[in-house]
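Computed from the coordinates by the stated procedures, all read-outs in this text should not be read as laboratory data. The structure presented is a predicted model; accordingly, all values stated were derived computationally and were not measured. Here the Cβ positions follow ideal geometry from the backbone for every residue, glycine too, while neighbour counts run over all protein chains shown.
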Amino acid sequence: MQTQVEKLRLRMTDEFRLPYKEKHIRDLKNEDIKVAILGTITKKENGRLSLDDGDKSIMINMETDLQVGSFVKVFGNLLAYDEDFEIQGHFLKNLDNTDKLLYKKAMNMIINSK
């Protein structure tokens, strides 16, 4: 029989191995654990940033040197609350030098193919 500590250790190991799921903010679900969200930084304050994907916004718990208006992909764990979500950011990728429309179109094709 497994102890609580062993169960927790197995769960943490399993979560560590999970891939990040490409998602639109509007499509986030309570069962999502690790997600990758594409969007524009709209606000930064106190170690948190707001990310807008064109349809909806979400708060990200992480700091960055990037400026408001930067186009990024954020990777992190989804934190589910009563009526809303936040993301505990692990890392982000700056996509400012990327063709935004082409990249969003490609991401939509990837997300909608699943």
Under 7 Å between Cβ atoms, which residue pairs at least 6 apart in sequence (or on different chains) link something in the stretch 92-114 that is among the acidic types (Asp, Glu) with a partner that is surrounded by 14 or more Cβ atoms within 10 Å (Cβ to Cβ)? Asp96/Ser70; Asp96/Phe71
Considering each residue of the stretch 90-108, count those that are in a helix (DSSP H, G or I) and over 23 Å from Asn77 (Cβ atoms), and give that number. 8
Test for Gln67: is it polar (S, T, N, Q) and under 15 Å from Asp52 (Cβ atoms): yes
Could you tell me which residue of the stretch 14-43 is surrounded by the most Cβ atoms within 10 Å (Cβ to Cβ), considering only residues that are among the charged types (D, E, K, R) and in contact (Cβ under 8 Å) with a residue 60 or more places away in the chain? Lys23
Residue pairs meeting the criteria (Cβ under 9 Å; at least 6 apart or on separate chains; first part of a loop (DSSP other than H, G, I, E, B), in the stretch 44-69; second surrounded by fewer than 16 Cβ atoms within 10 Å (Cβ to Cβ) and of a type in the set (Gly, Ala, Ser)): Met62/Gly47; Glu63/Gly47
For the list (1) in contact (Cβ under 8 Å) with a residue 24 or more places away in the chain; (2) under 15 Å from Tyr20 (Cβ atoms), I need the number of the one condition that Glu86 fails. (2)
Select from the stretch 18-34 the residues that are of a type in the set (A, V, I, L, M) and within 13 Å of Met107 (Cβ to Cβ) and list them in ascending order. Ile25
